[in-house]
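Quick notes on the structure that follows.
The values are calculated or read from the model by the stated rules, or taken from the named source; none is laboratory data. What you see is a predicted model; the values in this text were computed from it and never measured. Every residue, glycine among them, receives a Cβ derived from its backbone with ideal geometry; neighbour counts consider all protein chains shown.
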Amino acid sequence: MFLLIALAALSTIVGLPYVIMKPGPITNTLGKLSGKDLITVSGAPTYPTQGALDFTTVRVAGGPGFRVTVWDVLKAAVDPNEAVVKEELYFPKGVTDKQVEEESTAEMIDSQQEAIAVALKATGQKVPTQVVIGQVAQDAPSAALLKAGDRVLAVDGKKVDGPDAIRSAISTHKPGDTVALSLLRNGKDVQVEAKTRESDGRTTVGVFLGTRFDFPFDVKIDAGNVGGPSAGTMFALGVYDRITPGALTGGQKIAGTGTIDATGTVGAIGGIRQKLVGARDGGAKWFLAPASNCDEVVGHVPDGLRVVRIASFDEARKSVEAIAAGRATDLPTCTK
């Protein structure tokens, strides 16, 4: 008896290297958060709208310093709306929870900027771009030499024209090497010899790259305490609806997910099954799902929710317009 009691007690104390994914709340990009508009526009006309364009979230329990217990895992394993995954999928070995949080914050900021750019370009606006350092990790070897907002012009003397080119150039070095960065800071050329390190199996200098857009007017998105890039598509739809006449949704409640880049391409996200449940629980009738997530969607759509497959902002916008007009019968969905 004592042994059974001891084992039961341990099951509620001993931490395991797993995280539990649960359905999270949904938030209307067209609404208010803490009493303030989630999307605000200055310097351009905005238009009244109605309905909802909800971004969806996943609650993640576990991680370094907050490990889940045996009992937590057992409960989640029998709950069809939750998922148990290895901790290293969310928190790679050698990466602290603080680093994960910093990256998540940087991804959210970048996704908002990409979303605004896509929405503005969809209305015919011109949006010039630059690659900049979005955030510097506090424990980066050369944190004192690099600053958020620095525009990256060249790596090792060679011009670079995008985030991928910068990462590729840095990755040719071994961790601990020094890489020469040519930067533009407050209008002045700055040369920095930055020490590299290993992060998640890659050589980096400990910065998160972003794209700075020269917007013709000011747009701000305040999503609260949410990180990651997965709300990008819904942000783009929300901004587009705010700056164009009429209600894009026609009063419908539409949820969705998906990253978005400056070209308008919608990308895959994590936890889509939990997001589907969260959308249904939040009252949505429609869900915009990235085409690249369809293999995870099939067979897991909650009753009362209709999934529409999208691969681009243009497809997402046209799908919402079709739903609003009552022409949704032929919209593509996820199939085997």
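Taking the criterion of being in a strand (DSSP E or B) and surrounded by 21 or more Cβ atoms within 10 Å (Cβ to Cβ), the only residue of segment 310-320 that qualifies is Ile310. Residue count for segment 21-44, restricted to those that are assigned to a loop (DSSP other than H, G, I, E, B), in contact with a Phe, Trp or Tyr (Cβ under 7 Å, 6 or more places away or on another chain) and closer than 25 Å to Leu276 by Cα: 1. Considering every residue within segment 141-152, establish whether at least one is over 23 Å from Asp177 (Cβ atoms), at pLDDT below 95 and in the same structural domain as Ala231 (by TED's automatic domain parsing). No: zero hits.
None of Thr329, Thr263 is under 18 Å from the mean Cα position of the chain (by Cα), at pLDDT below 95 and not in a helix (DSSP H, G or I) except Thr263.
Identify, please: which residue in segment 42-60 is surrounded by 17 or more Cβ atoms within 10 Å (Cβ to Cβ) and not polar (S, T, N, Q) and is, among those, farthest from Ser230 (Cα to Cα)? Top of the filtered list is Gly51. For segment 167-200, the candidate set comprises residues that are under 23 Å from the mean Cα position of the chain (by Cα) and touching a residue at least 12 places away in the same chain (Cβ under 8 Å); within that set, the residue that is surrounded by the most Cβ atoms within 10 Å (Cβ to Cβ) is Ser199.
Taken residue by residue, segment 233-248 has no member that is more than 18 Å from Leu120 (Cα to Cα) and either surrounded by 17 or more Cβ atoms within 10 Å (Cβ to Cβ) or among the charged types (D, E, K, R) (or both). Taking segment 95-117 as the range and being aliphatic (A, V, I, L, M) and farther than 16 Å from Lys220 by Cβ as the test, the residues that pass are Val95, Val100, Ala106. Restricting attention to segment 82-94, the residues that are buried (at least 17 other Cβ atoms within 10 Å of the Cβ) and not in a helix (DSSP H, G or I) add up to 4.
All conditions in (1) closer than 27 Å to Ile272 by Cα; (2) touching a residue at least 40 places away in the same chain (Cβ under 8 Å); (3) surrounded by 14 or more Cβ atoms within 10 Å (Cβ to Cβ); (4) under 16 Å from the mean Cα position of the chain (by Cα) hold for Val100, with the sole exception of (2). Selection of first residues in segment 145-158 that are over 16 Å from Thr172 (Cβ atoms) and of second residues that are charged (D, E, K, R) and surrounded by fewer than 17 Cβ atoms within 10 Å (Cβ to Cβ), restricted to Cβ pairs under 7 Å at least 6 apart or on distinct chains, gives the following pairs, ordered by first then second residue: Lys147/Arg185; Asp150/Arg185; Leu153/Lys159. Criterion first (within 22 Å of the chain's Cα centre (by Cα) and surrounded by fewer than 13 Cβ atoms within 10 Å (Cβ to Cβ)) does Asp139 satisfy it? Considered against the rule, which asks whether it is within 22 Å of the chain's Cα centre (by Cα) and surrounded by fewer than 13 Cβ atoms within 10 Å (Cβ to Cβ), Asp139 comes out as no. When Gln112, Gln125, Gln138 are checked against the criterion of being in contact with a helix residue (DSSP H, G or I) (Cβ under 8 Å, 6 or more places away or on another chain) and either closer than 22 Å to Ser182 by Cα or not in a helix (DSSP H, G or I) (or both), Gln138 stands alone in meeting it.
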